[in-house]
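Colleague: First, the structure itself, so that you have it in front of you.
The values are calculated or read from the model by the stated rules, or taken from the named source; none is laboratory data. The structure presented is a predicted model; accordingly, all values stated were derived computationally and were not measured. Virtual Cβ from ideal backbone geometry, glycine too; neighbours counted across all protein chains shown. Accessible surface areas use protein heavy atoms only, side chains included; no ligands, DNA or RNA. Shrake-Rupley method; radii C 1.70, N 1.55, O 1.52, S 1.80 Å.
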Amino acid sequence: MSLVKIPELETRLFINNEFIESQSGKTFATVNPATEEVICQVQEADEADVDLAVAAATRAFELGSPWRSMAASERGKLLWKLADLLEQHSDYLEELEALDNGKPMGRKGQYGSKVDVALTISVYRYAAGWADKIAGDVIPVDGNSLCYTRKEPVGVCGAIIPWNFPLAMQSWKLAPALATGCTVVLKSSEKTPLSALFVSKLIKEAGFPAGVVNTLSGFGPTAGEAMVKHPGIDKIAFTGSTLTASRILQNCGLKRTTMELGGKSPMIVCDDADLDEAIEHCHVGLFLNQGQCCCASSRIFVQESIYDEFVKKTVEKAKTMKVGEYTDLDASHGPQVDEIQFKRVMGYIEKGKAEGATCKLGGDRHGEKGYFVQPTVFADVDDHMTIAKEEIFGPVMSVLKFKTDAEVVLRANTTMYGLAAGIMSKSISRALGLANQIRAGSVWVNCYDDLSVQAPFGGYKSSGHGREKGKEMFDNYLETKCVFVPLDGPKC
């Protein structure tokens, strides 16, 4: 029996701890990607709603407010309470996320929304533990002065999150911002607004003061742009495309920014790798979440002596994937998030065929209803091909051939991106040597997509700046103030 009751879904904006309708009264549809049917209409935020949300966040951040006056340990307790509430509602959230996004629920060991909910809870708990451990330093300066630093919250933060991992991306922004004492105006993706609104209910229930978190549903050119340009927002944290990030940076003035962007991540399979293990990790790296992952291993470089066997085995592995909607608990592969993404992925598949790559499996839509794309494997892919250069964001595996380690390092680094990479080799010295040469923020050796909350995540080059997760994520939301006090008496 479904836990999600459509008429009971919260679809309003969350501002100042209250759910309200948008100022314009406009709504937009959120769609089930597996059926192409409208789930419900959601209130659409625009500039007027952004103004209300920023005003609420500003009041919550004022000196003397309950939030600014709260002890760091108490902020940690609120975050822990939120994590407890998420855990209590985990079954509901797994279903809600799968309904709105299309991903499987993953209740039989495969990847799905169950994994996302668990990761989300762990992020809030990790941040809760750090809340009262963020501290400055005493600095031994020249002269007879006390010099110390304070770590202070940046202020009102604007968070713009994507649709591929809505719950997890909400936590990657909210958890560090709240642990450090900031207030937040968060805009969810118009493609997947529902889980963010449900979490907002839990934020109020956990006891966060009014205005600390404000959640808007809306579109980038209206609500998102209004946030970016708003003089009352001190920082923008964005996860999304590199193109959109460029527009944000052009419009945000001197606001602080954190950008977690796109990728074209290489997975290097050496001739001494355990082939079956390599294929398993390549499939996780590429097909997880229907390929809708910024760090997807979308360029798989396989050494020439094992190339043919790798292609044969990886095609057989892909054939075992069960395509279906989230209500099929055996499904391991769901639809793309919407028609726009479906057409984009199908366009890249056609480019791959037209430019001479060999489509070994898939290459077409699955079924007649829903935005399902068959798991697709291309062999004979060259570096100049579009599918080897551009981020596809879909279940399209490109397998390239290489001869030497020096060659593959050069080719792997010849990209505007630098988010992630993978190395498969039984020789640890070889693998670590390659890992050190790859310009990427995360390198997984004999594994892929280990997103442990304790480890930082972020990119080089056009894949962004700043780090999320790990202790480094708090740096994004902190200012460092240096205080000097001259002392009486002899220096000692």
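Colleague: Given H placed on each backbone N at 1.01 Å, which residues far from Ala159 in sequence or on other chains put an amide H within less than 5 Å of it?
Modeller: Placed amide hydrogens put Val185, Leu186, Lys187, Ala237 under 5 Å from Ala159.
Colleague: Past the 30 angstrom mark, what percentage of all C-alpha to C-alpha distances in the chain do you count?
Modeller: Values: 58117 of 120786 pairs.
For the chain, the fraction of Cα-Cα distances above 30 Å is 48 percent.
Colleague: Still on this structure, please answer the following. Percent relative contact order of the chain, based on C-alpha pairs within less than 8 angstrom and at least six residues apart?
Modeller: On the way: 1136 pairs, mean separation 89.7, N = 492.
Relative contact order here is 18 percent.
Colleague: Further, regarding this structure: On a C-alpha basis, how far is the centre of segment 434-471 from the centre of segment 169-194 in Å? Whole number, if you could?
Modeller: So the separation of the two Cα centres works out to 21 Å.
Colleague: So for each of 247-255, 215-223 I average, over its residues, the number of other beta carbons within 10 Å; can you give me the resulting order with the highest mean first?
Modeller: With the highest mean Cβ count within 10 Å placed first, the list reads 215-223, 247-255.
Colleague: Please report the relative contact order for segment 1-63, taking Cα pairs under 8 Å with a sequence separation of at least 6, and give it as a percent rounded to a whole number. Spell out each step's value before the answer.
Modeller: Numbers: 65 pairs, mean separation 19.0, N = 63.
So the answer I get is 30 percent.
Colleague: Which FRET efficiency value, to the nearest 0.05, do you get for Glu472 and Glu355 by plugging their Cβ-Cβ distance into 1/(1 + (r/R0)^6) with R0 = 51 Å? Don't skip to the end; give the middle numbers.
Modeller: Working: r = 39 Å, r/R0 = 0.77.
According to the calculation, E is roughly 0.80.
Colleague: Roughly speaking, to the nearest percent, how much of segment 299-450's 1.4 Å accessible area is carbon and sulfur? Intermediate results must be reported in sequence, preceding the final value.
Modeller: Working: 3250 of 6580 Å².
C and S atoms contribute 49 percent here.
Colleague: When the label point is put 7 Å from the Cα of Lys491 along its Cα-to-beta-carbon vector, which residues of segment 134-177 have a backbone N closer than 15 Å?
Modeller: Only 139-147 fall inside the zone, counting backbone N under 15 Å.
Colleague: Farthest toward the dipole's positive end in segment 333-492, which of Ser425, Cys447, Leu361, given Cβ charges of +1 (Lys, Arg) and -1 (Asp, Glu) about the Cα centre?
Modeller: Ser425
Colleague: Hey, another quick one. Run the simple label-point estimate for Tyr148 and Asp274 please: 7 Å along Cα→C-beta, distance reported in nm.
Modeller: 5.2 nm
Colleague: Taking 45 Å as R0, compute the FRET efficiency from the Cβ-Cβ separation of Val38 and Asp382 and round it to 0.05.
Modeller: Values: r = 42 Å, r/R0 = 0.94.
The pair Val38/Asp382 has a calculated efficiency of 0.60.
Colleague: For segment 408-440, state which trypsin sites (Lys or Arg not before Pro) are in a DSSP loop and have at most 15 other beta carbons lying within 10 Å of their beta carbon.
Modeller: Numbers: sites: Arg411, Lys426, Arg430, Arg439; in loops: Lys426, Arg439.
Loop-located and lightly packed - Lys426.
Colleague: What helices in the chain pass both tests, a Cα length along the helix axis of 15 Å or more and a mean Kyte hydropathy of 1.0 or higher, using whole DSSP H runs? Don't jump to the answer; show the numbers that get you there.
Modeller: On the way: long enough: 47-60 (20 Å, 0.52); 72-88 (24 Å, -0.34); 90-101 (16 Å, -0.83); 113-130 (26 Å, 0.46); 166-179 (20 Å, 0.59); 194-206 (19 Å, 1.05); 275-287 (17 Å, 0.47); 307-319 (18 Å, -1.16); 339-354 (22 Å, -0.57).
Membrane-span-like by this rule: 194-206.
Colleague: Out of all Cα-Cα pairs in segment 301-371, roughly what percent, to the nearest whole number, are more than 18 Å apart? Show your work: numbers first, answer last.
Modeller: On the way: 1334 of 2485 pairs.
Percent of Cα pairs beyond 18 Å in segment 301-371: 54.
Colleague: Average the reciprocal distances over every distinct pair of alpha-carbons in segment 322-415, invert the result, and give the Kirkwood radius in Å. Can you show the working numbers first?
Modeller: Values: mean 1/r = 0.0697 Å⁻¹.
Value: 14.3 Å, from the Cα pair sum.
Colleague: Rg/Rh for segment 209-318: what does it come to with C-alpha atoms and Rh from Kirkwood?
Modeller: Details: Rg = 20.5 Å, Rh = 17.1 Å.
Radius of gyration over Kirkwood radius for segment 209-318 works out to 1.20.
Colleague: Compute the normalised compactness of segment 233-391: alpha-carbon radius of gyration over 2.2 N^0.38 Å, N being the residue count.
Modeller: Values: Rg = 17.6 Å, N = 159, 2.2 N^0.38 = 15.1 Å.
The reported ratio for this selection is 1.17.
Colleague: Starting from the Cα of Leu63, step 7 Å along the direction of its Cβ; do the same at Ala455; then give the gap between the two resulting points in nm.
Modeller: 4.4 nm
Colleague: Per-residue counts of other Cβ atoms within 10 Å, averaged by peptide: what ranking do you get for 95-104, 113-122, highest first?
Modeller: Numbers: 95-104: 27.8, 113-122: 23.2.
Final packing ranking: 95-104, 113-122.
Colleague: How compact and how long is segment 166-266, expressed as Rg and Dmax of its alpha-carbon atoms in Å?
Modeller: Computed over the Cα atoms of segment 166-266, radius of gyration and Dmax are 13.7, 45 Å.
Colleague: Using only helices, what value at 222 nm comes out for the chain when you add -39,500 (n - 2.57) per DSSP H run of length 4 or more and divide by the total residues, to the nearest 500 deg cm²/dmol?
Modeller: Details: 15 runs with 172 residues, N = 492.
Mean residue ellipticity, 222 nm, calculated: -10500 deg cm²/dmol.
Colleague: Oh, and also: Is the shape of segment 97-194 best called rounded, prolate or oblate, per the rule: a/c under 1.5 gives rounded, else a/b larger than b/c gives prolate, else oblate, with a ≥ b ≥ c the square roots of the Cα gyration tensor eigenvalues? Kindly include the intermediate steps, with their values, before the conclusion.
Modeller: Working: a/c = 4.67, a/b = 2.40, b/c = 1.95.
Prolate, since a/c reaches 1.5 and a/b exceeds b/c.
Colleague: Given a Förster distance of 25 angstrom, what is the FRET efficiency for Asp405 paired with Arg344, based on the Cβ-Cβ distance and rounded to 0.05? Don't jump to the answer; show the numbers that get you there.
Modeller: Numbers: r = 34 Å, r/R0 = 1.35.
With R0 = 25 Å, the Cβ-Cβ based efficiency is 0.15.
Colleague: Gain in length, Thr480 to Lys369, computed as 0.36 nm per residue apart minus the alpha-carbon separation, to one decimal in nm? Don't jump to the answer; show the numbers that get you there.
Modeller: Working: separation 111, 0.36 × 111 = 39.96 nm, distance 5.35 nm.
Value of the extension gain: 34.6 nm.
Colleague: Please report the spacing between the Cα centers of segment 75-149 and segment 329-376 in Å, no decimals.
Modeller: 33 Å
Colleague: I've got another one for you. About the Cα centre of the chain, how large is the charge dipole given +1 on each Lys and Arg Cβ and -1 on each Asp and Glu Cβ? Please answer in debye to the nearest 20.
Modeller: On the way: 53 positive and 63 negative charges, 174 e Å.
Computed about the Cα centre, the dipole is about 840 debye.
Colleague: Defining a contact as two alpha carbons under 8 Å apart and six or more residues distant in sequence, what relative contact order in percent does segment 203-272 show? Don't skip to the answer; put the middle values down first.
Modeller: On the way: 44 pairs, mean separation 18.8, N = 70.
Answer for segment 203-272 is 27 percent.
Colleague: Could you do me a favour and compute the accessible area per residue for the chain, 1.4 Å probe, result in Å²? Walk me through the numbers before you get to the answer.
Modeller: Numbers: 19480 Å² over 492 residues.
In whole numbers, the chain has 40 Å² accessible per residue.
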